[in-house]
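Here the structure is laid out as structure tokens; the discussion comes afterwards.
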Amino acid sequence: MLRSCALEWTRNWDEYLCLVEFAYNNSWHASIKAALYEILYGRKCRAPICWNKVGERVIEGPELIEVTNEKVAAAKEKLKEARSRQKSYADRHRRSLKFNPRDHVFLKLSHVHNVFHISLLRGYTYYPLHVVSYPLDQIRKDLSLAEEPEKILDRQERVMRNKTILFVKILWKNHPEREATWETEESIRASYSRFFS
């Protein structure tokens, strides 16, 4: 938006920078359902008419208000154009994912922690010879896998300003060694004390 306003007001765009800022701060944002300035300060942004340079007092006429309103309207129009352009870019890459109950999907979780984003879900076409082997004895009723450490691969001390924190590299069961994670020794000692006896 700032670039398009600067292109329109080629010679003196920096004089109208405060008007562009005013237009942006007072524009309604759909994501937060309010204007940015109003959310931040709890009131509407004051008009930029009195944002002149410090100097002698000058009586301003209706021309100033008219010019200010024109520039603010132009900045708001450029803001709308920029938003619609950004929306069109985003809409090209957006896919509407819809899943029905009992649909088969492939799910890729992060290495150990059971967190995923919906964009990681992919539709699954049933193939009778495709066999997925999971340790069924370790799968819970909520279909999550119980993660247990298998062994400690390495130890490391990280020195902070005033203290030293001990870390251990944990190899988790049912995971290859490249997916081993560094955890604090204190948290592993609290949860799995058998590794430290």
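Things worth noting here:
- Apart from one condition, Ala190 fits all of (1) part of a strand (DSSP E or B); (2) hydrophobic (A, V, I, L, M, F, W, C); (3) exposed (fewer than 12 other Cβ atoms within 10 Å of the Cβ); the exception is (1).
- Selection status of Tyr134, over 27 Å from Ser197 (Cβ atoms), at pLDDT 75 or above and exposed (fewer than 12 other Cβ atoms within 10 Å of the Cβ): no
- Lys108 vs. criteria modelled with pLDDT under 70 and of a type in the set (Lys, Arg): yes
Matching residues to (1) touching a Ser or Thr at 6+ places or on another chain (Cβ under 7 Å); (2) over 21 Å from Phe22 (Cα atoms); (3) assigned by TED's automatic domain parsing to the domain that holds His29; (4) at pLDDT 75 or above:
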{"residue": "Ile59", "(1), (2), (3), (4)": "no, yes, yes, no"}
{"residue": "Asn69", "(1), (2), (3), (4)": "no, no, yes, yes"}
{"residue": "Glu77", "(1), (2), (3), (4)": "no, no, yes, yes"}
{"residue": "Ser88", "(1), (2), (3), (4)": "no, yes, yes, yes"}
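- The residue that is nearest to Lys76 (Cα to Cα), among those in the stretch 18-35 that are of a type in the set (A, V, I, L, M, F, W, C) and part of a helix (DSSP H, G or I), is Ala23.
- Boolean, Asp103 is at pLDDT below 75 and of a type outside the set (Gly, Ala, Ser): no
The values are calculated or read from the model by the stated rules, or taken from the named source; none is laboratory data. This one's a predicted model, so the numbers in the text were calculated from it and none came from an experiment. Reconstructed Cβ throughout: ideal geometry from the backbone, glycine too, with neighbour counts over all protein chains shown.
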